[in-house]
Every structure is written in C-alpha cells, then in structure tokens.
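K.L.:
To start, I am sharing the structure in question, which I have written as structure tokens.
The values are calculated or read from the model by the stated rules, or taken from the named source; none is laboratory data. Model, not experiment: these values are computed from the prediction. All Cβ positions, glycine included, derive from the backbone under ideal geometry; neighbour counts span all protein chains shown. Quick note on the areas: whole protein, heavy atoms, side chains included, nothing else; ligands and nucleic acids left out. Shrake-Rupley method; radii C 1.70, N 1.55, O 1.52, S 1.80 Å.
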Amino acid sequence: MQRVHLLLKALSLFSNPTPILLVSLCSHIMSAISALLIPPSSSLPLLPPPQSFFFSLPAPLVCLYKPPTAFFSAPKPQLRLLPRRALSGRDETAEASVSTATIAVDNAESPDATAFVIRARNWIGLLQVITRVFKILGLRIERATIEVEGEFFVKRFLVVDSHGAKIEDPESLDRIERALRDAIDGAADRTPAGPGTARLGSRSLVVRRAGLVPESGEGKAKAERMFSLMDGFLKNDPISLQKDILDHVEYTVARSRFSFDDFEAYQAVSHSVRDRLIERWHDTHAYFKRKDPKRLYFFSLEFLMGRSLSNSVINLGVRDQYADALNQLGFEFEVLAEQEGDAAQGNGGLARLSACQMDSLATMDFPAWGYGLRYQYGLFRQVILDGFQHEQPDYWLNFGNPWEIERIHVSYAVKFYGTVEEQDLNGGKRKVWVPGEMVEAVAYDNPIPGYGTRNTINLRLWAAKPSDLYDMESYGTGDYINAVINRQKAETISSVLYPDDRSYQGKELRLKQQYFFVSASVQDIIRRFKDSLNDFNQFPEKVALQLNDTHPSLAIPEVMRVLVDEEFLSWKQAWDIVCKIFSCTTHTVVPEGLEKIPVDLLGSVLPRHLQIIFDINFSFMEELKKHFGLDFNRLSQMSIVEEGAVKSIRMANLSIVCCHTVNGVSRVHLDILKTKVFKDFYELWPQKFHYKTNGVTQRRWLVVSNPGLCGLISKWLGTDAWIRDMDLLMGLRDHAGDAELQQEWKMVRRINKIRLAEFIDAMTGMMVSPDAMFDVQIKRIHEYKRQLLNILGIIYRYDCIKNMKESDRRKVVPRVCIIGGKAAPGYDMAKKIIKLCHAVGETINNDSDIDDLLKLVFIPDFNVSVAELVIPGSDLSQHISTAGHEASGTGSMKFLMNGCLLLATADGATIEIIEEIGEDNMFLFGAKVHEVPKLREKAENHRVALQFARVLRMVRDGYFGYEDYFKSLCDSIEGGGDFYLLGNDFASYLEAQAAADKAFVDQERWTKMSILSTAGSGRFSSDKTVGEYAHQTWGIEPCRCPF
C-alpha cells in the first residue's frame, strides 16, 4: 500500500512528465496495485499499463513502448468472473454489491481543488470511466490517490475546473456527482446474469458457451482472452479511422487498398460508420433490456429516410474526424457523400414525418422501435422526356445498402388465405386459422443514432421470402416451375411501394403488404415481451403501439387474433389490452380519402381477421344503440362495416373504435376532424381526439443540409445547444437588426444560392443568376397543392414583362421559378400539370425579350437529397394549397428553419407559423378555411379576375402548344368546375407576389424577415412533437444509455 502512495506522489511531482516517464510510473503503479490484489507468481504476470486514452501515447512514441508479451497471452488479474447462475434467475445480492458505489465531495481538504472520493468495487475500465466523465465535463484532475479496502477501491481525485479554479457552486457539484454516479452505476449494471459471464470495463458481453465457464482454468483463460480483445470501443482519431476504412476497402468491398474509386471509398466509409453505430446500438438495446421500460413501437408503411452517411456522422459527433481522415487519404467527404443513393421507401410528407420522428425518438432517449416494409423498388424514378413524365423502377438496392443488417435468424411465418376451423379446448371452442399460403418475413435492421447521446434505436424493415416448407415440397416433387412461381409471388409482397390499386390484383397486393408487415411486427413484439414476462395483463405497461395513419390498422385484429387464438385469453381480456395499447395519427382531411377494404377481398385473404372485425363491430353497434338509440342513419355512418353496392370495411372507423387516442397533425386539422371527417365519433368520445402539430428534425434539415447557416446560428447564440433545444433559436430575435449578422446571413445564403444554381445548370443545362429571387415550390404534384396556380401566375408575369417598355423592365425583380415533384403514375391531371410547366418554361426560357428577368425550371426526380440542396438556396417558398386541404404541411417548416420566406394560404400548420413569426414576416393570400364551402356553392356565378381569364385563354388557345392536350386541364378550373378555387384566389395571389417583389428590393428588410423566420421555427421541431406524444399519448419515459 505504501508503495502505491509513494508512486502516486512521485507522479504528482512532475508538472509535465515526458510520455516515457509517465508510462514507466503508471506501469509501476498498476503493477503495485495488482500485487496488492493478487500476489505475483510465475503463472500470473503483472499488468502493463492499459491501452486507453488515460495512458495514451503520441503515435511517434508508440514504437518506444513494447508491452510484455505475457499481457497478450495471460488473463488479466482484475477480470472478475461471476459465479454460475441459472439463465432465468438473477443474483440480486451480487447485482446490488456490484453497483453499490458511494461518492463524496470534500471542499475542505484542499484550498485550491475540490476532492471527489469514490468508493466502489473495482473492475477493469472503472478508472477510465471516471476520468472520462471528468474530461467530458471540462474538469482537470490535479492529483489522485488509490486505497484498497477489501474488495473495494477508494479513489480520491483532486479536481479543478477549466480555469484551474476550485468548484464551489452547489449546482455544479451536484451535476458532477450525478454524472459520476450515472456512469459508474450504468457501467456496473452491465454485470451479466448467466453462466459463463464476465464484466468488461466499458462494454458488456454475455457468453453462454459451455466451454467458457469460470470453474474451468482453460475456459477461464479463453474467456478472459476474448474479453481483453473486446474491452473498448472503436477509436475515432484520424489514424484509426483510416485503418478502419482501408480494412473495409480490402475485406468488405474486396478492392485493393492501393486502387479504389469514390464509390468504393463511400462503401468502405459507410461500413466503418456502421461499425460505430452497431457498438452504440448493441449497448442501447442491452440497456433497454436491463431496465425493461415501456417501449414504443412505431408502425408506418413508409419511411422516407434519404441518405444516411452525413446524418450518421453528425449525430455520432465524428464528422470532422472523418473529413480529416479522408483528406489525408486523398478523398473529400462531400464527394463521397454524393455517392450515396436515396432510400426512397416512401412518398411525401407522411413518409418523411416517420423518418423525422425516428431521429427525434433516438435523440430524446426514448425506448422505441420503428417497423415498416423493405421495398425492393422504392418510389419510382421520374424521367422527363419532351416534358412528359415517365416512370422507371428505382433500383435503389442494386449496389447494396451498407446501412442495413440482414437478420436471417429473425424471421416469422405470415399466413394468407385458407379457412377457419373450430376445435375443442378445455370444454370450449376455439378458432383455428388453417392458411392456404405462407410467406416468411425476414428482418432488416437499420440503426438510427441520436444526436448528443449514446442512444441508437432500431428501424426494422421486413422483406418477404418464400416459405421453406412450400419450397421444399415443390422441389421434392420435381415441380421446379411452381417453386419459382411461389418465390416470385412471395417476394412481390415487398417489391413495390404503392402498387396501382385500380385493379383487383393491385388491391390484393396492397392488402397483403399491409398485413405482412403488421403480422411480422406483432409477432416480434410479443416474442420480445415474452422473453421477460408471461402475464399479458402487464402488456399495456410495457407496450405502446402507434399507427401512422390507417395503413397499419390491421394490427388491431391481428393482436386480437394472437391473444385469443394463440395465447388463449378471453375476448374481454384481449379487448381491454388492445384498447390500452393502440393510438393512431390520421392525416386525412376529407371523408372520401379514408381507406376502405372490400369485404370479399378481406374475407378471401384474411378470413379470421374478417370474423374478428365483425365481432368488434357487433359489440360497438350494441354500445352505440345505448347512447343514440335506433338512429339508423348515425349507426350506419359510424359502423366499421359499410353497406352498399360494394360491402367494405372502414379502416379509419376500426382505428377510432379501438385506439385510446386519435391525433390530428395540426390545430386546424383537429377542427376538421371534429366538425367534418369524424363528427359523430367526436360527439361520442371527445376525450379521444387531440392534435400534435407535425415537426421536422433540425439535424437533417439545418445541420446536415445547411452547415453554413448552422455555424452562423451557433456563433451568434454562443452555443450549439439549440441543435437539441430549438427554443433557443428565439435568441436570434435580439440580433435580427444587427448589421453584422445581416451581412453574414446574406453571405451564407448567397453561397447556398450559387450551389443551387450550379445544380440547376448540371441537371438542366440552364444558367441562372444567383442575384435573382429564387422562387420555389417543391412537393408532390396534386391539384389541391395548386402547382397550376403557380404556373398561371408565372404566365401572367411573363405576359406583363413581354408587354412592358424597356424602361419599365429595368424595375422588374428578376426571378428564377423552380418547381419540382412527382405525379402518381395513374394521376392524369397531375401529369398534365407537369407537361404544362415544361411547355411554359420552354417558351419563357427561349424568349430573348425576357432574358434573365424570368426563368422557369422543373427539377426532375425530386427526392430528399435534392431537397437538402434546394431548400437552403431558396428565397421564397410557395405553400398555396386550397385552405382546408393540407393537414399539416411539413415542407413549410423546412423552409422556415432555413430562413426562406413563405408565400402561403392560411392552411394546415401555416396558421401556427403565423402565430410564431407574425403576418408581417410572410406573404398571405386566399380564402380562409371557413370561407371555402360558401365559395364553392357560389362557384357557378363567380366572376373570375380578368388577369385569370387572360392567362387561361393563352393556354387554351395554344400559346404554349399542345392545345388539345391542355383542354381538359383548362376545363377543370373554369365555371363551376373550379373545385380548388384557383380563379377565386388568383387576384389575391398576384397581390402577395407583388408584396414579395417589393420586400426583396429592400434587402435589409428581407434579411431581417429571414432571420426572424428561422428564430420562430423552434416550435416546429419534431423533438417537440415527439415529446408531446411521449407524455400525452404513449406514456413512455426517456431511457438514456450511459456513456
């Protein structure tokens, strides 16, 4: 013991010891400690210094220190193997003793430092854990002593803050103490509870192989050898990253490390990042398993994830390290990031919302899983030929997906077709579904990292594979053709996103897709629950199921089927459980858009589920009669089963009946649900209906896509904490009028515009000036989103400029009008809008009289990655849907965060944006939600503005060509057919555009409005949305994995 004190004292005498001296002293200290614990012998050599950052050497000196060979061939003395225990049991006493640690703070011991005295059972890595906490908190260890009390070590650290001062603030001391306790207890919790298990210093590994039992000398040595190799995380310094990248080039990509291109470098970098994700992913789920919190399971048929590389390295906090490592290898990080294709596993706002919420769930430390389908072909690739849209398959998996992990061993049988039989069970009857077809669901896992946290959660996507049983039967009888057909039929289920459901076969495939991913997910959830618990009365305390729209609502009868038919619960008990675990979010604004499934189709594909739905509906109808009597009209409207020419199941009604909460996605959307879409249900269950305004993740849409603006915001706020707490952005309001900030803000925005101009040139061959106003509308092409109104406004602007005098043209604000989006393959009217855009653009862009005063650009194959480029470079963004038709509108939030000004109708979340930034900082126009029904009633007698009549006549008369082709488009907005009120809102729209021109001329005012837009965007972070869901709907709490 005296030897330890003398050595520590000797170490403290050197204010700046050389690395070699430091290694020598530390080696002697660790050897002395080892000698105190275990007397040295010929078979058990003393430990050399551990290889951790606490004892790290500069690279040039590594070769000077050669650790004893025995270190690599002999077990570590401190490694403590726990006694053998039953797999299913827990040694609570052992667990308590391992995690018992006391921390005391003493400010009286030293006049210039604060003493932290930590008493804890020792294990490998404990010292590194403690020193890492001090380092992360910005503290410096002045001196340290170690004493041994039996099996416990008492470690005394004299610590000062970053300024070398003593720490006396009670709140700071409390924070440090809590951080130390969380780290020590979190690491101590990693004691495995099974035979042949051992503790690691910074990671945990459970070994359950018979040969690695503590009682066996040879087995013990093998276990300790394995643990010593795995004790630690992958390092993130440039040298280590370069080695990992080159290893993946050679061993994963199978290319020579002396000759590989950008794409192969991207593949290697992605696999090295994935390695680091997997470390955190394993630790997160091991921690979840130990703590066993209530988990959220997020069901969505679509996840529009976009690219993963940039987002992952930023959330992991290693973006700069990777950039440095790649620069030294002769590559640029930005160039490699461009090699990644988009994972287009969804379409539009609903799918992108799912991706944003997964990012927020991980960042906010919520225990959550995402479930969806792994489509072999994503949303179609849009190709424009002669102005017409053509669809091609999106072969996004052709070159592999380095971010996913195929789980061959995680698969479940999913049943289709067949019959339902009755069997005797304990004197009663039970239903048994005898399927006519079975398909295997194979899991593909995608780690989702949080920002500023160790938590990394999982998105599990299911791919359809043929059942081995049916394959073997076909091959065994020599029916090879049938085997191939069965394989193709099975794999078709997860092949295509949004199959064309205008035919019976399309409807059937869509139904099978919905049930396939729901069935596999429910089986996975129940399997996980039964790993630790068997009492299904506890199921609602551990499980929350969120349905993203009604596509996954077949999960409701599926859970009922499993609980009643397979777990043998009574109908009442199963129904009580179902009503406690399900919640749903609807994105529909009109009753006509609600999903329905024909009864004949559902009965053929899922016969048992149709029976369960009928039983649910019968009970519901009986309850309704008690409330409303024999009001058959109301009963008919609220019934889950719709009678009519085609008898159908109303999936939205099923969701409302079974879910404890039904959420809208904005305040105005909730009003529409209550007064129009679900009016009768709201009167019955007003407590069920709520709203959570959608949000977007600032990590993707600001930090990744606009790093220049991100850095500028952090500079002026004096912190980057806003990346996790968007409310801090309000601090920009105090600087909005500052000339220096405005100048820097304009510079960042100009750089983004130049980048966008270069992209437009590369994509279309058109040169545009960054001095012009970039006026953007990028979203799915649909009549209610009114791209046609935008195009007619562009025609009016062109017509005005064309008829101006030369002197008047000098006063015109130059504009580059940018439109992007895809039309559904079967949506003829939307495709005509795309063609009109190209026809008008061809005329304007080739008119020498107009020159650079007006340009019209259509960006083909618009996706998430393109949006990350377009949004930061936009000056004005149009969100001009007919009021009452946009449920929320997350696109406007992305532009708002990036300081783009909005030209919009008062629809969806725009109303809440107005409350945050004020009408003076945006350009509003058009009819309000409550005015739209009355205007439609008067549409026959409404006289449109002369400007509208003129531009429509130009299209109808063939000014832009294709006169016959555009005739139906013109007919749809003339007279009483103008359902989306383009003619009614046109004059107001032109006024808003004129106001935007006037504001753009005054660049000081425009820049201030831009800053205030970003400052008011905090309310629209998906972090806020997810926080509200977690506390008000799901009932889950954060479960933060300790560092």
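K.L.:
Can you list the aspartates and glutamates whose alpha carbon is less than 12 Å from that of K429, not counting same-chain residues fewer than 8 positions off?
P.N.:
Leaving aside aspartates and glutamates fewer than 8 places away in the same chain, those within reach of K429 are E421, D565.
K.L.:
I'd like the trypsin sites (Lys or Arg not before Pro) in the stretch 926-974 restricted to DSSP loop residues with at most 11 other Cβ atoms within 10 Å, sorted by number.
P.N.:
On the way: sites: K928, K934, R936, K938, R943, R950, R953, R956, K967; in loops: K928, K938, R943.
Answer by residue number: K938, R943.
K.L.:
Another question about this same structure. Before anything else, pin down the relative contact order of the stretch 918-993: Cα pairs under 8 Å, at least 6 apart, normalised by residue count, whole percent.
P.N.:
Values: 56 pairs, mean separation 34.7, N = 76.
Normalised by residue count, the contact order of the stretch 918-993 is 46 percent.
K.L.:
Let me know the volume per residue of the alpha-carbon convex hull for the stretch 605-728, in Å³.
P.N.:
Numbers: hull volume 21.7 nm³, N = 124.
Output value, Cα hull per residue: 175 Å³.
K.L.:
Next question. Is the C-alpha gyration tensor of the stretch 768-1014 telling us rounded, prolate or oblate? Criteria: a/c under 1.5 is rounded; beyond that, a/b larger than b/c is prolate, otherwise oblate. Spell out each step's value before the answer.
P.N.:
Working: a/c = 1.36, a/b = 1.10, b/c = 1.24.
Rounded, because the longest to shortest axis ratio a/c is under 1.5.
K.L.:
Right, something else. Where a ≥ b ≥ c are the square roots of the eigenvalues of the C-alpha gyration tensor, would you call the stretch 750-807 rounded, which needs a/c under 1.5, or, failing that, prolate if a/b is larger than b/c, or oblate? Each step should come with its number before you reach the end.
P.N.:
Working: a/c = 2.28, a/b = 1.08, b/c = 2.11.
Because a/c hits 1.5 or more and a/b fails to exceed b/c, the stretch 750-807 counts as oblate.
K.L.:
On the Cα set of the stretch 533-692, report Rg and Dmax in Å, please.
P.N.:
Over the stretch 533-692's Cα set, Rg and Dmax evaluate to 15.5, 47 Å.
K.L.:
Just to be sure I understand: of the beta bridges DSSP finds with both ends in the stretch 533-692, what percent are antiparallel, rounded to 5? Write down the numbers at each step before the final one.
P.N.:
Numbers: 5 of 15 bridges.
For the stretch 533-692, the DSSP antiparallel bridge percentage is about 35.
K.L.:
Given a cut-off of 29 Å, name the pairs among K715/K1024; K805/K832; K235/K1024; K746/K811; K785/K967 whose C-alpha atoms lie farther apart than that in the structure shown.
P.N.:
Numbers: K715/K1024 24 Å; K805/K832 33 Å; K235/K1024 33 Å; K746/K811 22 Å; K785/K967 20 Å.
Violating the 29 Å Cα-Cα cut-off are K805/K832; K235/K1024.
K.L.:
Relative contact order for the stretch 533-692: what percent, with Cα pairs under 8 Å and sequence separation of 6 or more?
P.N.:
On the way: 200 pairs, mean separation 42.5, N = 160.
Rounded, it is 27 percent for the stretch 533-692.
K.L.:
From the protein chains alone at 1.4 Å, what is the descending order of accessible area for D386, D847, largest first? Don't skip to the end; give the middle numbers.
P.N.:
On the way: D386 110, D847 20 Å².
Final ranking, largest accessible area leading: D386, D847.
K.L.:
Ordering L563, L425 by how much accessible area each has at a 1.4 Å probe, largest first, what is the list?
P.N.:
On the way: L563 0, L425 60 Å².
Reading off the accessible areas and sorting them downward yields L425, L563.
K.L.:
Then there's this: Can you list the trypsin sites (Lys or Arg not before Pro) in the stretch 497-542 that are in a DSSP coil and have 12 or fewer other beta carbons within 10 angstrom? Please list the in-between numbers first.
P.N.:
Details: sites: R502, K507, R510, K512, R527, R528, K530, K542; in loops: R502.
Counting only loop positions with at most 12 other Cβ atoms within 10 Å, the trypsin sites (Lys or Arg not before Pro) in the stretch 497-542 are R502.
K.L.:
Still on this model: Using a 1.4 Å probe, how large is the accessible area of F333, given in Å² and rounded to the nearest 10?
P.N.:
Counting only protein heavy atoms, the figure is 10 Å².
K.L.:
Then there is this: Ordering E1004, E592, E623 from largest to smallest accessible area (1.4 angstrom probe), what's the sequence?
P.N.:
Numbers: E1004 125, E592 155, E623 75 Å².
I get E592, E1004, E623, largest accessible area first.
K.L.:
Give the percent of DSSP beta bridges with both residues in the stretch 768-1014 that are antiparallel, rounded to the nearest 5. Display every interim value, and only then the final one.
P.N.:
Working: 0 of 20 bridges.
In the stretch 768-1014, approximately 0 percent of DSSP beta bridges are antiparallel ones.
K.L.:
If you average the C-alpha positions of the stretch 125-167 and of the stretch 733-767 separately, how far apart do those two centres end up, in angstrom?
P.N.:
Rounded to whole Å, the Cα centres lie 48 Å apart.
K.L.:
Give me the percent of accessible area attributable to carbon and sulfur for the stretch 768-1014, probe 1.4 angstrom.
P.N.:
Exposed carbon and sulfur together represent 49 percent of the surface.
K.L.:
Please tell me the relative contact order of the stretch 633-730 in percent, rounded to the nearest whole number, where contacts are Cα pairs under 8 Å and at least six residues apart.
P.N.:
Values: 75 pairs, mean separation 18.0, N = 98.
Taking the mean separation of contacting Cα pairs over the length of the stretch 633-730, I get 18 percent.
K.L.:
Percent of Cα-Cα pairs more than 17 Å apart in the stretch 606-645, please.
P.N.:
Working: 253 of 780 pairs.
Percent of Cα pairs beyond 17 Å in the stretch 606-645: 32.
K.L.:
Could you let me know the centre-to-centre spacing of the stretch 666-700 and the stretch 966-991, using Cα atoms, in angstrom?
P.N.:
29 Å
K.L.:
With the calculation restricted to Cα positions, what are the radius of gyration and Dmax of the stretch 102-183 in angstrom?
P.N.:
Expressed in Å, the Cα Rg and Dmax of the stretch 102-183 come to 12.0, 37.
K.L.:
What shape does the stretch 362-452 have by the C-alpha gyration tensor, where a ≥ b ≥ c are the square roots of the eigenvalues, rounded means a/c under 1.5, and otherwise prolate means a/b greater than b/c and oblate the rest?
P.N.:
Details: a/c = 2.93, a/b = 1.57, b/c = 1.87.
Verdict is oblate for the stretch 362-452.
K.L.:
Give, as a single signed number, the net charge of other residues whose beta carbon lies under 15 Å from the beta carbon of P170, with Lys and Arg counted +1 and Asp and Glu -1. Don't jump to the answer; show the numbers that get you there.
P.N.:
On the way: positive: K166, R175, R178; negative: D106, D161, E168, D169, E171, D174, E177.
Residues near P170 contribute -4 overall.
K.L.:
Sticking with this one: For the stretch 750-849, what is the largest minus smallest coordinate of the Cα atoms on each principal axis, given in angstrom and ordered from greatest to least?
P.N.:
Cα extents, longest axis first: 47, 33, 21 Å.
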